[in-house]
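Peer 1: The following block contains the structure, expressed as C-alpha cells.
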Amino acid sequence: MILVVVGLPGSGKSTIAEMLREEGFDVIEYGDIWRELLKKAHVPLNDPRATREFTAKLRERYGKDIYSRHAVRKIKKSMKHVVLMGLRSDYELNYLKKKVKKIDIIAIRSPFETRFRRMKVRGKPEDPKNLADFKWLNTREKRGFLPDKKEEKHGILVVMRQADYIISNDGTIPQLKKKLDTVLAKVDKDWRDLT
C-alpha cells in the first residue's frame, strides 16, 4: 500500500507521518530528501535565498520531478506499507503515477492562522519567523516551489484537488487521529477489494 500525504505548510503532515509510523508505515519525507541534498551541497538550511537558488538549479538540471525520483529510489521491496510525505507539484505526482502501480492521496487541510501558529511552535530552521515570511512561503508552496505564478497550475493545490481522501485538521491531535483512522479503514478496504 502506498499513500501520498499532501498539505500546505503547517497543515499537520509531520503529525500524520508520526501517526502512520505508529501504524507500521515506512515514511519517506520529501523534506528529508531536500535536506539531504542541501547538506551534500553544503547549503545552509537557515539561508532562504541559498536554498531557493539551490532548489531552482536542481529542478532546472534534473527536472521538476527530482524529489519524486529520489523518493521512488527509497522504496524497497521489503516495505509493505509506504507513505510519501510532502510532495509539492503535479510534476512530482505524475512521476509517481508512472512508477508506482497504485497510490492513494490524502490531502490535509487546515486554516491559515492555525498553520502559521503551528510553524512558529515547531521551529524548524527553515520555518518562517514572522507572518510576512509565512505568507511568502504559503504562496511559494502553492506554486510547487516554482518561481513563476503560472506554475500554480502545477502546484500543491492541484495535487490536493486530486486527493482520494481529505482530512480537515482544525481540532486536537486525538480528533486528527480519529479522522486518520477512518481514512485508513477506507483505504485498507479499497486495497483488500483489489486483491
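Peer 1: Using label points projected 7 Å from each Cα along Cα→Cβ, tell me how many nm separate MET79 and GLU36, to one decimal.
Peer 2: Distance between label points: 0.9 nm.
Peer 1: Then there's this: Over the range 1-109, what lengths in whole Å, largest first, do the semi-axes of the equivalent ellipsoid take, defined as the square roots of 5 times the eigenvalues of the alpha-carbon gyration tensor? Before the final figure, lay out each step's value.
Peer 2: Working: eigenvalues 108, 52, 35 Å².
Semi-axes from the Cα gyration tensor: 23, 16, 13 Å.
Peer 1: Okay, next question. How much length is gained if the chain between ASP133 and ASN46 is pulled fully straight, taking 0.36 nm per residue apart and subtracting their Cα-Cα distance, in nm to one decimal?
Peer 2: Contour length minus the Cα-Cα distance gives 30.0 nm.
Peer 1: Can you give the helix-only mean residue ellipticity at 222 nm for the chain, where every DSSP H stretch with n ≥ 4 adds -39500 (n - 2.57) and the sum goes over all residues, rounded to the nearest 500 deg cm²/dmol?
Peer 2: -17000 deg cm²/dmol
Peer 1: Let me ask something else. Determine the shape class of the range 2-194: with a ≥ b ≥ c the square roots of the Cα gyration tensor eigenvalues, call it rounded for a/c under 1.5, and otherwise prolate if a/b is greater than b/c, oblate otherwise.
Peer 2: Values: a/c = 1.64, a/b = 1.23, b/c = 1.34.
Oblate is the answer for the range 2-194, as a/c is 1.5 or above yet b/c matches or exceeds a/b.
Read the figures in this text as sums done on the coordinates, not as results from a lab. Quick caveat, the model's predicted, so the values are computed rather than measured. Ideal geometry is used to build each Cβ from the backbone, glycine not excepted, and the neighbour counts take in all protein chains shown.
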